[in-house]
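Report on the following structure.
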Amino acid sequence: MFKIIHYRDKCIGCYACVEVAPDRWRISKKDGRCTLVGAKEKKGIYQIDLHEAELEENQRAAASCPVNIIKINGK
């Protein structure tokens, strides 16, 4: 299992992660920031466990983030 960590407060809403991994990322209509679908929030940091099948596209999403606020922790 892997874990995605998203520091949403620092998101600029560039949409790069949504384009690369649309099943896991959405743009919020409320504030224009990206949302990690299914994640749990704790102190402004969003996290979700990730299966290996989703790893590659979410690594690309993390790499495409211009403000570097998406982290993926491994096994």
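Read the figures in this text as sums done on the coordinates, not as results from a lab. Because the structure is a prediction, the values reported are computed rather than measured. Note that each Cβ is placed from the backbone with ideal geometry, even for glycine, and that neighbours are counted across all protein chains shown.
Some observations on this one:
- Qualifying residue in segment 2-11 (condition: free of Cβ contacts under 8 Å to residues at least 60 places away in the same chain, part of a strand (DSSP E or B) and not basic (Lys, Arg)): no
- Exactly one residue out of ALA16, ALA53, ALA21, ALA39 is under 13 Å from ILE70 (Cα atoms) and without any contact (Cβ under 8 Å) to a residue 40 or more places away in the chain: that is ALA39.
- VAL18 vs. criteria in a loop (DSSP other than H, G, I, E, B) and either at negative phi or among the aromatic types (Phe, Trp, Tyr) (or both): no
- From GLU57, GLU41, residue being in a helix (DSSP H, G or I) and at negative phi: GLU57
Each row is one residue, and each column tells you yes or no for (1) of a type in the set (Phe, Trp, Tyr); (2) surrounded by 15 or more Cβ atoms within 10 Å (Cβ to Cβ); (3) more than 12 Å from the chain's Cα centre (by Cα).
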site	(1), (2), (3)
VAL37	no, no, no
LYS43	no, no, yes
TYR46	yes, yes, no
ALA53	no, no, yes
GLU57	no, yes, no
ALA63	no, no, no
ILE70	no, yes, no
GLY74	no, no, yes
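- Scope segment 15-34; condition in contact with a strand residue (DSSP E or B) (Cβ under 9 Å, 6 or more places away or on another chain), surrounded by 20 or more Cβ atoms within 10 Å (Cβ to Cβ) and within 18 Å of GLU56 (Cα to Cα); matching residues: ALA16, CYS17, ARG24, TRP25
- Restricting ASP49, ASP23, ASP31 to residues that are among the acidic types (Asp, Glu), on the phi < 0 side of the Ramachandran plot and part of a strand (DSSP E or B) narrows the list to ASP49.
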